[in-house]
Amino acid sequence: MSAVYEGALQDLVEEFGKLPGIGPKSAQRLAFHILQTDSQDVNALAQALTDVKKRVRFCEICGNVSEEAECTVCQDPRRDRSMICVVEEPKDVVAIERTREYRGLYHVLGGAIDPMAGVGPDNLRIKELMTRLQDGEVKETVIATDPNLEGEATATYLVRLLGSLGVTVTRLASGLPVGGDLEYADEVTLGRAFSGRREID
């Protein structure tokens with residue numbers, strides 16, 4: 001992005017421009033919004049950014065976001081421990097939780113297999129998933145990766161890997177748009193996809 005303003009304002013525009021989904025015009029709009037906002041609100045935003053980097057980490061068990069060693073889902077004794085739903089990112093956990101259709105545990109991979117971006121199976125939390133499935137407590141693994149090329153490649157890889165463990169492997173049913181992201185699916189569509197999940201041979 002070429003410099004349009006000077007000093008601190010230009011620095012802010014450039015920092016906003018580094019955020020995903022923020023183009024030059026949006027970055028400029030955000031910077032001017034901050035400029036016109038009350039100092040107290042700006043300080044609160046700065047504090048929230050600092051706090052999230054200091055306090056939020058990833059659950060030791062499933063990889064979801066948490067402020068403690070274990071996330072609230074893993075700590076909840078009411079969850080069905082015979083099921084693990086495998087998702088790409090923590091935001092997918094939130095999307096599925098909104099449906100109220102699923103009461104099992106989660107496993108966050110931290111992305112999807114994407115050779116073009118240099119992301120292979122070793123870059124994801126697949127070994128940790130395999131470790132969780134060793135004790136035989138989990139009877140069903142629901143693969144809920146995004147219905148796009150990378151998500152499908154990841155699902156196919158996991159199906160091959162999990163086939164030898166004697167665990168039922170299911171995939172979310174149709175109803176989710178191909179090429180879409182779980183976080184943008186509405187609750188009804190995602191809920192139906194969960195209800196109609198199918199076993200993968």
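Details
- Residue count for region 59-96 under the criterion of being out of contact with any His (no Cβ under 9 Å at 6 or more places or on another chain) and on the phi > 0 side of the Ramachandran plot: the result is 0.
- Residues within region 44-82 that are out of contact with any Ser or Thr (no Cβ under 9 Å at 6 or more places or on another chain), within 28 Å of L12 (Cα to Cα) and either of a type in the set (G, A, S) or surrounded by 11 or more Cβ atoms within 10 Å (Cβ to Cβ) (or both), tallied: 6
- Where a residue in region 1-16 is outside the structural domain of Q28 (by TED's automatic domain parsing) and at pLDDT 95 or above and its partner, wherever it lies, is surrounded by 13 or more Cβ atoms within 10 Å (Cβ to Cβ) and assigned to a loop (DSSP other than H, G, I, E, B), with Cβ under 7 Å and at least six apart: none
- Looking only at residues in region 87-105 that are in contact with a strand residue (DSSP E or B) (Cβ under 8 Å, 6 or more places away or on another chain) and over 15 Å from D146 (Cβ atoms), the one that is surrounded by the fewest Cβ atoms within 10 Å (Cβ to Cβ) is R103.
- Any hit, region 3-14, residues being among the aliphatic types (A, V, I, L, M) and under 24 Å from the mean Cα position of the chain (by Cα): no
- Residues in region 1-25 that are surrounded by fewer than 14 Cβ atoms within 10 Å (Cβ to Cβ) and closer than 28 Å to V65 by Cβ: E15, K18, L19, P20, G21, G23.
- Taking the numbered list (1) at pLDDT below 95; (2) in the same structural domain as V169 (by TED's automatic domain parsing) in turn, L35 passes all entries but (2).
- Among the residues of region 21-49, those that are within 28 Å of the chain's Cα centre (by Cα) and either in contact (Cβ under 8 Å) with a residue 40 or more places away in the chain or assigned to a loop (DSSP other than H, G, I, E, B) (or both) comprise G21, I22, G23.
The values are calculated or read from the model by the stated rules, or taken from the named source; none is laboratory data. Note that the coordinates shown come from a computational prediction; the quantities given were computed from them, not determined experimentally. Here the Cβ is made from the backbone with ideal geometry for all residues, glycine too, and neighbour counts use every protein chain on show.
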